[in-house]
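Note sheet for the following structure.
The values are calculated or read from the model by the stated rules, or taken from the named source; none is laboratory data. Here the structure is a predicted model, which means the values were calculated and not measured. When we count neighbours, we look across all protein chains shown, and the Cβ atoms used for this are built from the backbone with ideal geometry, even at glycine. Each accessible area value is taken on the protein alone, full model and side chains, heavy atoms only, with ligands, DNA and RNA left out. Shrake-Rupley method; radii C 1.70, N 1.55, O 1.52, S 1.80 Å.
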Amino acid sequence: MIYFIVRRFASAVLVLFAISVSVFLIFFATPGVDPAARIAGRSASAQVLAHVAREFGLNRPLPIRYWLMMEHLFIKQDLTSYVNIGVRVVPQITQAAPITLSLVIGAAVIWMIVGVLGGVVAAANQGKFIDPFIMFIGIAAVSVPAYWLGEVMNLLTQSKFHSSIFAWVPPPGYVSFTTSPSEWFLHLLFPWLTLAALYAGIYARVLRAELVNALNEDYVRTARAKGLSERRILFRHALRCSLISIVSLFGLDFGALIGGAALLTEVVFGLPGVGMLTYTSLQNLDLPVIMGCVMYGAFFVVLANAVVDVLYAYLDPRVRLA
Amino acid sequence: MPEAPLLQVRDLTVSFATRQGALRAVDGLSFDVGQKEIVGIVGESGSGKSVAIYSMLGLVREKNATITGSVLFEGREILGLSDKELQPIRGGSIGMIFQDPMTALTPVYTVGWQLVEQIRQHLHLPKAAARQRAIELLGQVGIPDPKSRVDRYPHEFSGGMRQRVVIAMALSCNPRLLIADEPTTALDVTTQAQILDLMLKLQDTYDSSIVIITHDMGVIAEMAHRVVVMYAGRPVEIARELDLVRHPRHPYTWGLLDAVPRLDAKHDRLRTIRGNAVSPLNLPPGCAFAPRCDYVMDQCAQRPPLQGDADHVDACWLSDAQRVTIRQRVEQPS
């Protein structure tokens, strides 16, 4: 198992290296594109272009350019934006990251609890009213777009009922956990619910399908023939095996969301997270920031996948050998 | 007065409501299993053998299934008991062995864990003692090096070894009755013989009775004391093993026995029973075997009752004299 973990993380590091190389090549070695002009932004003066070319060693060989780029990004961390002149890239990301992490981790806790609960209750009550009822709520939650749900939440909590039942809801924005844990919680509560709704719906539906399959497996019949209680059969045997696919799904979703896919929720609730940062930098064609965000996103996607694979191996002994 | 049978099945009927109408998978099955007796249930695929056995222990989970009749185990009616009431019987006094050992074990737990789970469920031993018992059992069923194998996962065992684990599990709580559903069908021939030997040996050690379901007359000949032959969900002949093999009475049993390949006789082709097993959805009103029977008569339009002397009954309209002539003709081909 330890060997498996070490091997998995070693390969994650390799993947990250490969990603950094390909990102570098896309930005700096695309034929017919002048990287200096790209980095310097629209209508840059000749002076600025020359400065950029010197800073990134654009007249030197590719491997050295790659090294200089990585040095600016990770070691000196002095990569600066040429759109908002003088603003450094790395601090922008480290400022935005905790906001996105707060949003996504909180939402993940909610959607895992709600999704697993919903899936188990539905599967355990197949054919009764509660099963299609939960599945209907699930499909409704999946179908509602996050920006719409978020706006409705805002409408209800910020204007319609703000003077009555939702008087306790703070205005949109973010307060860090270290400043005030309770304010942090209140500011994030509705963003969490909005983001979690979609995933809770998906997970409940996927888990129900997995559980229904598992309950028809031979090993469940064996478990029943062993004289185990229905509860034990459901949780220790069927659910345990169904969790494997839920976990792999979770890794993909979680990594992507941390990497910036929570953009819509961030925008609706005015949370200046990584999604928002990527979005504005894309609008301004702020190349250094885009690169930084891409590397950051890649890092979390790869990390989440490595963690999931380890978890996967823990849950399913058959994977450990491979 | 012989002692009361351990298991008494009377008129067991299992039917499923389907869109095409009621499907009678088991139709009026009755048999007894005595103390220390091995009863074989034999029949083609789809003859309702497995369903009959599963229905006794409440393992038929389909909501559209209707199960009627009576199953007395140690004098107590167990048909229709709730899952909770069945819990101490399942795995406790009745152990089960399944057809496919490759899928019968939960893949994510070690075999030891799964054995301990069952032992602790019924015998309420502390963990260490249960583990000790698990290791002992694995040794008894012939798994080499049980001390280290106990912590292995099912996928690390071969099919035969897994079936041994399943047998160890079935025996772990000293059941009075062992039900084996095609225990050797998924295994290769040499392993089959080992598993059957093992079951016989363990039956002797544990003094339990066995119901073994199979479609293999060879397994019947090796194991069973008494045999129930099933066709289309109905019992067609019940007899002691020797009587059945030497003096089979029902045409379907003749077909089954004649279809066994023999090494001492040279046939150009294996004998078969013509036609296919009938669908339980559209059974003929009379004898279910009539459409495939070589000796079908007008009378066969009515369903024949199980009749004969106490030890050998069958459901066929042929008279004793007719049967004798037919069998003589078959056994001495021109």
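In summary, the lysines within cross-link reach of B:Lys49, defined as a Cα separation below 23 angstrom excluding same-chain residues under 8 places away, comprise A:Lys226, B:Lys36, B:Lys63. Each Cα pair of chain B feeds into the Kirkwood radius, which the Stokes-Einstein equation turns, at 37 °C and 0.692 mPa s, into a diffusion coefficient of 155 µm²/s. Within 10 Å of the Cβ of each residue in B:106-112, the mean number of Cβ atoms contributed by other protein chains is 6.
Shielding of peptide A:31-44 by partners, expressed as the average count of other chain Cβ atoms within 10 Å per residue Cβ, is 0. Mean Kyte-Doolittle hydropathy of -1.0 or higher plus an axial Cα length of 27 Å or more: which whole DSSP H helices in chain A meet both? Going by DSSP H runs, the hits are A:2-28, A:89-124, A:181-215, A:287-315. Work out the charge dipole of the stretch A:97-285 with +1 on the Cβ of Lys and Arg and -1 on the Cβ of Asp and Glu about the Cα centre, then indicate which of A:Val247, A:Ala167, A:Ala196 is farthest towards its positive end. In the stretch A:97-285, that residue is A:Val247. Each listed q (0.13, 0.16, 0.19, 0.22 Å⁻¹) maps to a log10 I(q)/I(0) for the stretch B:41-154, found by the Debye formula over equal Cα scatterers with no solvent: -0.66, -0.92, -1.12, -1.25. With the simple model of a label 7 Å out from the Cα in the direction of the Cβ, B:Asp207 to B:Ala22 spans 4.3 nm. Centroid-to-centroid, using Cα positions, the stretch B:10-74 and the stretch A:61-136 are 55 Å apart.
Taken about its Cα centre, the stretch A:97-285 carries a charge dipole of about 740 debye when Lys and Arg each add +1 at the Cβ and Asp and Glu each add -1 at the Cβ. Each of A:Glu183 and A:Tyr147 was given a label point 7 Å from its Cα along the Cα-to-Cβ line. The distance between the two points is 3.0 nm. Shown is the FRET efficiency for B:Ser70 and A:Val109, computed with R0 = 60 Å from the Cβ-Cβ distance and rounded to the nearest 0.05: 0.70.
Of the residues B:Thr18, B:Thr214, B:Thr185, the one that moves most in a GNM of chain B with alpha-carbon contacts below 10 Å is B:Thr18. Going by a ≥ b ≥ c, the root eigenvalues of the Cα gyration tensor, does the stretch B:12-63 fall in the rounded group (a/c under 1.5), the prolate group (a/b larger than b/c) or the oblate group? Taking the square roots of the gyration eigenvalues as a ≥ b ≥ c, the stretch B:12-63 is prolate.
Let me know the shape class of chain A, please: from the alpha-carbon gyration tensor, a ≥ b ≥ c as square roots of the eigenvalues, rounded when a/c is under 1.5, otherwise prolate if a/b is greater than b/c, or oblate. Here chain A falls in the oblate category.
Neighbouring Cβ atoms from other chains, within 10 Å of the Cβ of residues in B:87-99, number 3 on average. GNM remark for chain A: springs join alpha carbons under 10 Å apart, and the peak mean-square fluctuation among A:Ser242, A:Ser102, A:Ser143 falls on A:Ser143. Between B and A, buried accessible area from a 1.4 angstrom probe totals roughly 2400 Å², ignoring ligands, DNA and RNA. Among the protein heavy atoms of chain B, carbon and sulfur supply 51% of the accessible surface, probe 1.4 Å, non-protein parts ignored.
Measuring r between the beta carbons of B:His155 and A:Ala97 and using R0 = 41 Å, the FRET efficiency lands at 0.50. Each of A:Asn125 and A:Leu25 was given a label point 7 Å from its Cα along the Cα-to-Cβ line. The distance between the two points is 5.5 nm. Once C-alpha pairs closer than 8 Å and six or more residues apart are averaged by separation and normalised to the residue number of the stretch B:67-197, the relative contact order reads 35 percent. Once divided by 2.2 N^0.38 Å, the Cα radius of gyration of the stretch A:97-285 becomes 1.20. Atom-type composition of the exposed protein surface of chain A places 69 percent of the accessible area on carbon and sulfur (1.4 angstrom probe). Here the protein assembly as shown is treated as a sphere whose radius is the Kirkwood value from Cα pairs; by Stokes-Einstein at 4 °C and 1.567 mPa s it diffuses with a coefficient of 43 µm²/s. Computed over protein heavy atoms with a 1.4 Å probe, the accessible surface of chain B works out to 46 Å² per residue. Peptides A:33-45, B:269-281, B:286-298 ranked from most to least packed give B:286-298, A:33-45, B:269-281, packing being the mean of other C-beta atoms within 10 angstrom over each peptide's residues. A Gaussian network model of chain B, with springs between Cα atoms under 10 Å, assigns the largest mean-square fluctuation among B:Ala104, B:Ala224, B:Ala170 to B:Ala104.
One quarter of the convex hull surface built on the alpha carbon atoms of the stretch A:75-162 amounts to 10.0 nm², the projected area averaged over directions. Once the Cα-Cα distance is subtracted from the 0.36 nm per residue extended length, the B:Arg329 to B:Leu242 segment shows a gain of 29.2 nm. The residues of the stretch A:85-127 have, on average, 43 Å² of accessible surface per residue, using a 1.4 Å probe with all protein chains present.
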